[in-house]
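What follows is calculated from the coordinates using simple rules that are stated; it is not laboratory data. The structure presented is a predicted model; accordingly, all values stated were derived computationally and were not measured. Methodologically, a virtual Cβ is constructed for each residue, glycine included, from the backbone with ideal geometry; neighbour enumeration extends over all protein chains shown.
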Amino acid sequence: SWTPASFIEQTVASLKEQLGNDKVVMALSGGVDSSVAAMLLHRAIGSNLYCIFVDNGLLRKNEFEQVLETYRGLGLNIKGVDAKQQFYDALRGISDPEAKRKAIGRTFIEIFDEEAHKIQDVKWLGQGTIYPDVIESVSVNGPSVTIKSHHNVGGLPERMKLKVIEPLRSLFKDEVREVGYALGLPKAIIGRHPFPGPGLGIRILGEVTPEKVRILQEADDIYIEALRRSGWYDKIWQAGAILLPIHSVGVMGDERTYEQVVALRAVHSTDGMTADWVHLPYELLADISNTIINRVKGVNRVVYDISSKPPATIEWE
Ligand code: XMP
C-alpha cells in the first residue's frame, strides 16, 4: 500500500536513474507543491538541482527573506533574485486584472529565462505539477489551466529546449503534504495557505504601485498574524487582505481624513473551486480592524467579505 516513505524511496531511485548527471532548473515559490517536488529532486541529484526564487515585489511582508532562509536551511541549491522593480515597471499604468496577470507572467518568464540561461548545460525543467493539475489541464475547463499554474512557465520548456520533470504528477494534495513532512519540510511551508502566483498584484484592485504594496503588506501581515495567534490560521483554507480602489471619509482628532479601504477575506474550501466565508469571531475582527487602522498609515476603514463562492470568487480580481 501507498506510504510517503515508499513513495519517496521509489521516486528518488527513478529520478536518479532518469537524470544521471543532468542538471535541472526549477522555480520555487514557497508553495507546497514546488517545495516538495524540489526536495525530492534534491534527494536524487543534490546540487545539480538549481532552484530559483524570484522576488516579484508582490509577496507577503518579509516572505521572500523568510522562505529563502528556510530553503537554504534545507540544503537546497537556491538563488534568490530581486526583481521587484522589473515587476513594478511592467505593471505601471495597468489596471485590468487579466492584463496585470499577463504582465506579471511575462515578466516572470523573462527573469526566469535569463537566470536559467546562466546555468551551463541545463537539460531539465522541474515542476510541482500534481495530479489534479494534470486532470484539469486536459479538461475543457479553460481558465483553470492558467488559474492553477502558479508560475505559468508555459512555452518556456520549448524555448529553452528543456525536458520537463514532474515528480508529483501522480499525487493528490494531501499525499503531497504527507510526502513533504516525511522529507522534513517544516509546517511553515506545508501548512501554508494557497497564494496566487500574481500575489498581491491581484489583491490591489486597479493599478499596482510600490506604495500600495507597502500598505497592503502591512495590513495583510497584521491580519495573518492575528489569525495565527488565535489558532484560526490552521482551520481555514485561505485568507488575505485586499486593497480597494476607493477612498472613504473618516475623522482623526478633529481632522477629516480621506483614505483607503482594506477588505479582509477568509474562506473554507477543499479545492478552491467552491468556498464558504469563515465566521470569524467579532472580537477577533474588532481587534484586527483596530490594529490595522491604528498602525497602517493611509487606511481608515476595514470591511469583512461575507460572500461565498459561487458566485463570489476567492480573489477579487
Ligand atoms: P478564485 O479567485 O478563482 O481562486 O476563486 C481559486 C483559487 O485559485 C487561486 N488563484 C490563482 N492562483 N494564479 C494562481 O496561481 C492566479 O492568477 C490565480 N487566481 C486565483 C486563488 O488564490 C484560490 O486559491
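Each residue of segment 44-59 is assigned a 3J(HN,Hα), and the resulting list reads 7, 10, x, 6, 6, 8, 9, 9, 10, 10, 9, 8, 8, x, 10, 8 Hz, derived from the Karplus form 6.51 cos²θ - 1.76 cosθ + 1.60 (θ = phi - 60°), x at Gly and Pro.
Residue pairs exceeding 28 angstrom between C-alpha atoms, taken from Lys163/Lys187; Lys61/Lys173; Lys161/Lys309: Lys163/Lys187; Lys161/Lys309. Considering the zone a paramagnetic label at Ala5 would reach in this model (a point 7 Å from Cα along the Cα-to-Cβ line), which residues of segment 178-192 have amide N under 18 Å from it? Counting only backbone N, you get 178-185.
Under the rule a/c < 1.5 gives rounded, and otherwise a/b versus b/c splits prolate from oblate, where does segment 203-304 land using the Cα gyration tensor?
Prolate shape, in that a/c is at least 1.5 and a/b is the bigger ratio.
When the Gaussian network model of the chain links Cα atoms closer than 10 Å, the mean-square fluctuations of Leu243, Leu284, Leu216 top out at Leu284.
Gain on full extension, evaluated as 0.36 nm per residue between Lys163 and Gln18 minus their Cα-Cα distance, stands at 51.0 nm. Rounded to the nearest 20, the size of the Cβ-charge dipole of the chain about its Cα centre is 320 debye, with Lys and Arg at +1 and Asp and Glu at -1. Placing unit charges on each Cβ (+1 for Lys and Arg, -1 for Asp and Glu) gives the chain a dipole about its Cα centre, and among Val81, Ser95, Leu284 the Cα reaching farthest toward its positive end belongs to Val81.
Within a straight-line Cα-Cα reach of under 21 Å, Lys102 can be paired with the following lysines, leaving aside sequence neighbours fewer than 8 residues apart in one chain: Lys84, Lys148, Lys212.
Treating r as the C-beta distance of Gln120 and Ser230 and R0 as 51 Å, the FRET efficiency rounds to 0.55. Taking the C-alpha atoms only, the angle from helix 173-182 to the longest principal axis of the chain is near 70 degrees. Near the amide H of Lys23, within less than 5 Å, lie the amide hydrogens of Lys123, Trp124, all on another chain or at least 5 residues away, with H placed in the peptide plane.
With R₀ fixed at 45 Å, the C-beta to C-beta distance from Ser47 to Ala312 puts the FRET efficiency at about 0.50. Taken one residue at a time, the phi angles of segment 185-197 give Karplus couplings (6.51, -1.76, 1.60, θ = phi - 60°) of 6, x, 4, 4, 9, 5, x, 6, 5, x, 9, x, x Hz. Gly and Pro are set to x. Here the Karplus curve 6.51 cos²θ - 1.76 cosθ + 1.60, taken at θ = phi - 60°, turns the phi angles of segment 90-99 into couplings of 5, 8, 4, x, 9, 10, 6, x, 5, 5 Hz, with x standing for Gly and Pro.
Close amide H pairs (under 5 Å, H built 1.01 Å from N) link Ala275 with Lys309, residues at least 5 positions away or on another chain.
At full extension, Asp96 and Val249 could sit 52.5 nm farther apart than now, given 0.36 nm per residue minus the alpha carbon distance. Computed from Cα atoms, the angle from the helix 4-19 axis to the main principal axis of the chain rounds to 60 degrees.
Highest mean packing comes first when the peptides 81-91, 25-35 are listed by Cβ atoms within 10 Å, giving 25-35, 81-91.
Under a model in which nothing but the beta-carbon of Lys, Arg (+1) and Asp, Glu (-1) is charged, segment 203-304 shows a dipole of about 60 debye around its Cα centre.
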